[in-house]
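The next block holds one structure in the form of structure tokens; read it before the comments.
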Amino acid sequence: MIYFHMMKRYELYNPEALLSMQAKKKRAGIAMLAVAAAGLLACVILCILTTRSNYGTMLWTTVGVSILSGWTVIFLSHAVYEPAKSGVRHMKMVEEGERKTIRGRFEKTNEVRYIRHGVTLRRVRAVYGERAAMLVLYEPYAKRLPDTFVGAVETVNDFIVAYEVDDND
Amino acid sequence: MIKSLLRNLHRYVFWALISVMLWAWIFTLLLSAPEKNKITIYADVPEIDGNALSIELEKDLPKGIRLVDAKTFNSLLFQQYAVLKGDLYLVPESDAETYLPSFLPIDRAAFPGAAFYESDGEAYGIVLYDEQAGLITGGRYVTYKEGERCFLFFNKDSKHLGAWNGSADDAAIVIARHFLTLR
């Protein structure tokens, strides 16, 4: 019996994603600066308008504005800017790194790890020949990889960057 | 999202604390001025609404004066040396003799119609509160010790007593006159 193997190859990363991530990082940076500047300006204006009779009200209003604008900046920082920054760094690493190909059976796990500076990754179990290993997947791209498949993956520093699914699996 | 917030909770708490401390400090600076630009009133009385009294006295500030700072002796706590830098003092009769060396004898003619605290024939203080005479000066702002007369004294080292002690301006005397009109 002759088996005819058709392999479909999928790239998880593309140059547009890097550009888009760089743009997102820039937008987040600008938004953070704008919120910080607006908050500071509002606080300065409140200080200028302060008199002895409205002292208490102005103090707590200024503290409120300062806290809210600061919290907004912190939120943008950890929810948008830092992930985008780490995403850019990660994608450049993937772009410039040396690729290795592993052929075997792959199973996406539910283990999600957070690495400092906003990189989250998902572990992928790989069984090839007599060996088993844990690879990792950039979490934002987790849905792009099938839950289980037989085929091949290309990795850079253990990060899966492309995969091929064996149609006859 | 919630995990991310919790992971960064320390940053939010830290910023809130920094904001409170920073702006409290800046606002303290907003309501301060060098000695030459302010009149300080220390009151040895049970209670004083320093903020309201300052607002009232600041309605008509002499030239060069930016604010009036009115507070009790008790508010000084650990910086009691600061009391020596006051311009005007509200002192009850029982303590007047103790502090007298720090006060300047005053020109009676500057306060016509006023009753004075006298020592060795010289006038030192102006009567602010005298229950028997029915006199209560600035009663809306100052709570005097019942049954004891209280006086307004002038610090002999004040920089705002004009010709009395060779100061550049007489802002403390102007403020004292304003205070004496308060009921």
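Going by the structure shown, is residue A:37 open to solvent by less than 80 Å² (accessible area, probe 1.4 Å) and closer than 27 Å to residue B:16 by Cα? When the stated conditions are applied, residue A:37 passes them.
In the list A:61, A:101, which residue meets the criterion of being outside any loop (DSSP other than H, G, I, E, B), within 30 Å of residue B:57 (Cα to Cα) and more than 9 Å from chain B (Cβ to nearest Cβ)?
So the residue among A:61, A:101 that is outside any loop (DSSP other than H, G, I, E, B), within 30 Å of residue B:57 (Cα to Cα) and more than 9 Å from chain B (Cβ to nearest Cβ) is A:61.
Taking the stated definitions as given, is residue A:102 out of contact with any helix residue (DSSP H, G or I) (no Cβ under 9 Å at 6 or more places or on another chain) and either among the β-branched types (Val, Ile, Thr) or over 30 Å from residue B:20 (Cα atoms) (or both)? It is true that residue A:102 is out of contact with any helix residue (DSSP H, G or I) (no Cβ under 9 Å at 6 or more places or on another chain) and either among the β-branched types (Val, Ile, Thr) or over 30 Å from residue B:20 (Cα atoms) (or both). Before we move on, is residue A:76 within 14 Å of the chain's Cα centre (by Cα) and either within 26 Å of residue B:27 (Cβ to Cβ) or in contact (Cβ under 8 Å) with a residue 12 or more places away in the chain (or both)? For residue A:76, the condition - within 14 Å of the chain's Cα centre (by Cα) and either within 26 Å of residue B:27 (Cβ to Cβ) or in contact (Cβ under 8 Å) with a residue 12 or more places away in the chain (or both) - is met.
All of (1) within 21 Å of residue B:47 (Cα to Cα); (2) without any contact (Cβ under 8 Å) to a residue 24 or more places away in the chain hold for residue B:136 with one exception: (2). Restricting the first member to the range B:5-17 and to residues that are at the interface with another protein chain (Cβ under 10 Å from one of its Cβ atoms), and the second to residues that are assigned to a loop (DSSP other than H, G, I, E, B) and open to solvent by 60 Å² or more (accessible area, probe 1.4 Å), no beta-carbon pair is closer than 9 Å while six or more apart or on different chains.
When restricted to residues that are touching a Leu at 6+ places or on another chain (Cβ under 7 Å) and at pLDDT below 95, the range A:48-70 contains 3.
In the range B:1-80, counting only helices (runs of 4 or more DSSP H) that sit wholly within it, the ones holding 2 or more residues that are within 30 Å of residue B:178 (Cα to Cα) span B:9-30, B:50-57. Scoring residue A:118 on the criteria (1) buried (at least 19 other Cβ atoms within 10 Å of the Cβ); (2) at pLDDT 90 or above; (3) under 22 Å from residue A:15 (Cβ atoms) leaves a single failure, condition (2).
Each row is one residue, and each column tells you yes or no for (1) without any contact (Cβ under 8 Å) to a residue 12 or more places away in the chain; (2) touching a helix residue (DSSP H, G or I) at 6+ places or on another chain (Cβ under 9 Å).
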{"site": "B:29", "(1), (2)": "yes, no"}
{"site": "B:34", "(1), (2)": "yes, no"}
{"site": "B:42", "(1), (2)": "no, yes"}
{"site": "B:46", "(1), (2)": "no, no"}
{"site": "B:55", "(1), (2)": "yes, no"}
{"site": "B:65", "(1), (2)": "no, yes"}
{"site": "B:98", "(1), (2)": "yes, no"}
{"site": "B:103", "(1), (2)": "no, yes"}
{"site": "B:106", "(1), (2)": "no, yes"}
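Checking A:104, A:87 one by one, the residue that is under 30 Å from residue B:15 (Cα atoms) and open to solvent by less than 70 Å² (accessible area, probe 1.4 Å) is A:87 and no other. Among the numbered conditions (1) more than 19 Å from residue A:37 (Cα to Cα); (2) within 9 Å of another protein chain (Cβ to nearest Cβ); (3) in a helix (DSSP H, G or I), the only one that residue A:95 does not meet is (2). In the range A:127-149, the residues that are charged (D, E, K, R) form Cβ pairs under 7 Å with partners that are surrounded by 12 or more Cβ atoms within 10 Å (Cβ to Cβ) and not in a strand (DSSP E or B), at six or more places apart or across chains, as follows: A:144/A:12.
Considered as a group, the residues in the range B:25-40 that are out of contact with any Lys or Arg (no Cβ under 7 Å at 6 or more places or on another chain) and within 14 Å of another protein chain (Cβ to nearest Cβ) include one that is surrounded by the most Cβ atoms within 10 Å (Cβ to Cβ), and that residue is B:39.
The values are calculated or read from the model by the stated rules, or taken from the named source; none is laboratory data. What you see is a predicted model, and the numbers here were worked out from it, not measured in a lab. All Cβ positions, even for glycine, are placed from backbone atoms using ideal geometry, and neighbour counts span all protein chains on display. Accessible surface areas use protein heavy atoms only, side chains included; no ligands, DNA or RNA. Shrake-Rupley method; radii C 1.70, N 1.55, O 1.52, S 1.80 Å.
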